[in-house]
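Engineer: Got a structure for you, written out below as structure tokens; questions coming shortly.
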Amino acid sequence: MSDPMEVLVRLREQARADAKLSSERSVETTTHDLPDVRRLVSAMPGRRAHRFFGSADIHETWVQDARRLFFDVDAALYPHEAGAHPLSLLVFARRVHGIEPAVYETTGGSLARRALMDSVSLRDVVLQPEFAESAAILVAMGSFATEHSNAHAHRRLLSRAGSGLEAVWLSAVAAGLSGSIFAGFLPSALAQLGIANGYDRLQLLALAVGSPLSTDRQ
């Protein structure tokens, strides 16, 4: 898994670079610069892992922004790997205003539906049932078939997934949402759904996101 402190350091460095470029107005932002990094950095003090969520929907706009942010971060921090061995992102959308409840997947473009939510009982596929009550769960996916099969392949995949989801988590905090990064779903359950097989369809890390719970039970 990516070291959270390493991610924060990189985000701070990018924020300083963005501020310098903005003040000098001499260099245009490249396509691999992280969007709105200063907003993510400003959300760091309020970051807290929440396991319980409110019942309100989250909005499609945040999900689409999170999707783009995940892949922008991967391209900015790991340009070679992102180009040669792209990750994918699963979105288990339960309560997302503007998106039909279903399981979606993207490799950077629009969301493609993989399964109906009615066919997935989230309480049966997570170890901690409270995560099943979140509005959406985002799962970073990789592949050993496209990564070079060496001792560092899994570590690199986890670093990329952790960096992307860490940034998405900060974007959730900035948007007033609650969230928590966790290990993901039970591998056997994802295999039964035909979503992962542990090799060329490898689950890496997950993020549960939802509206804040209006009590102290977090």
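What follows draws every value from the coordinates through simple rules; no lab data is involved. Please read these numbers as outputs of a predicted model, since none were measured by experiment. Please note: Cβ atoms are built from the backbone with ideal geometry, for glycine as well, and neighbour counts cover all protein chains shown.
Engineer: If you rank ASP118, ASP74 by fewest surrounding Cβ atoms within 10 Å, what's the result?
Structural biologist: The most exposed by this proxy come first: ASP118, ASP74.
Engineer: Another one. Go through region 177-187 residue by residue and turn each phi into a ³J(HN,Hα) via Karplus (6.51, -1.76, 1.60, θ = phi - 60°); whole Hz please, and just put x for glycine and proline.
Structural biologist: Once θ is set to phi - 60°, the couplings for region 177-187 become 9, 9, x, 7, 7, 9, 5, x, 8, 5, x Hz.
Engineer: Would you mind checking which residues have amide H under 5 Å from GLY184's amide H? H placed 1.01 Å from N; only 5 or more apart, or other chain.
Structural biologist: Excluding prolines and chain starts, which carry no amide H, the hits are ALA206.
Engineer: So, one more: Arrange the following residues from fewest to most other Cβ atoms within 10 Å of their Cβ: SER171, SER55, SER159. Provide the component values of the computation, followed by the final result.
Structural biologist: On the way: SER171 23, SER55 11, SER159 20.
Lowest count first: SER55, SER159, SER171.
Engineer: Another one. I need SER180, SER110 ordered by Cβ neighbour count within 10 Å, fewest first.
Structural biologist: Placing the least packed residue first, the sequence is SER110, SER180.
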